[in-house]
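Asker: One structure is given below, represented as structure tokens, and several questions about it will come after.
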Amino acid sequence: MKPPATLTDGVVVLRDLREGDRAVVLSTMRDPLVQRWLNMPREPSDRDFDALLQTVREGWRSGDRFDYLVVENGDDVSLGAVIASRRHRDNYEIAYLARAAGRGRGLLARAVTLLCDALLDAGVGRLELRTHVENESSQRLAARCGFQREGTERKSIWLHGGRADAIVWSRLPEDRQ
């Protein structure tokens, strides 16, 4: 299963990560809110971007991970990213992040929904995502995108060198909005 290289709903465009995105991606990695909820390097450098670019390219080659940058239609500057990673039993886990310019306008919800719909259209039977228990904004986004809250996994994710609880969400083909 391989989703299209580019997806759009006419408002947002999901596209590949490119060398020209280096500055904005490094800036996003430095964003305090992104650093709060994700394991980003404390002081991101060109090496971190190079490693990310290699991870993204390898994920597409293997089919195990599909990373997309989120841009507005007509503007090619990254507002964030959505990622689908293959997990056991061919489920896919969705992850997302937004830089400040991409928050609060509903664009990330559109991007997550767009990617999820493409995966479900391709025959994926279950999508999952995990939110930190304290990250209420991420929980609201999951619900807006049609995910159903399933429960809390105790100490199931790593954050800043320690284990943390996560809320598990799922979206099935029959949950489509």
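Asker: Rounded to a whole number, what % of the accessible area of the chain do carbon and sulfur atoms account for, probe 1.4 Å? Intermediate results must be reported in sequence, preceding the final value.
Answerer: Working: 4440 of 9260 Å².
That share works out to 48 percent.
Asker: Determine the shape class of segment 1-64: with a ≥ b ≥ c the square roots of the Cα gyration tensor eigenvalues, call it rounded for a/c under 1.5, and otherwise prolate if a/b is greater than b/c, oblate otherwise.
Answerer: Numbers: a/c = 1.94, a/b = 1.45, b/c = 1.34.
Prolate.
Asker: Can I ask one more? Less than 14 Å Cβ to Cβ from residue 59, Lys/Arg counted +1 and Asp/Glu -1: what total charge do the surrounding residues give? Before the final figure, lay out each step's value.
Answerer: Values: positive: 2, 57, 61, 65, 86, 87; negative: 16, 58, 64, 67, 93.
Residues close to residue 59 contribute a combined charge of +1.
Asker: Placing +1 at every Lys and Arg Cβ and -1 at every Asp and Glu Cβ, with all other atoms neutral, what dipole size does segment 51-177 have around its Cα centre, in debye to the nearest 20? Walk me through the numbers on the way to the answer.
Answerer: Values: 20 positive and 18 negative charges, 54 e Å.
I would put it at about 260 debye.
Asker: At what distance in angstrom do the alpha carbon centres of segment 82-146 and segment 1-62 lie from each other?
Answerer: Comparing the Cα centres of segment 82-146 and segment 1-62, I get a distance of 15 Å.
Asker: Now for a different question. Is the C-alpha gyration tensor of the chain telling us rounded, prolate or oblate? Criteria: a/c under 1.5 is rounded; beyond that, a/b larger than b/c is prolate, otherwise oblate.
Answerer: Rounded, since a/c falls under 1.5.
Asker: Among 62, 92, 120, which residue has its Cα positioned farthest towards the positive end of the charge dipole of the chain, with +1 placed on the Cβ of Lys and Arg, -1 on the Cβ of Asp and Glu, and the dipole taken about the Cα centre?
Answerer: Going by the charge dipole, the pick is 92.
The values are calculated or read from the model by the stated rules, or taken from the named source; none is laboratory data. Keep in mind it's a predicted model, so treat the numbers as computed, not measured. In this analysis, Cβ positions are derived from the backbone assuming ideal geometry, glycine residues included, and neighbour counts consider all displayed protein chains. Note: accessible area is taken over every heavy atom of the protein model, side chains too, but ligands, DNA and RNA are not part of it. Shrake-Rupley method; radii C 1.70, N 1.55, O 1.52, S 1.80 Å.
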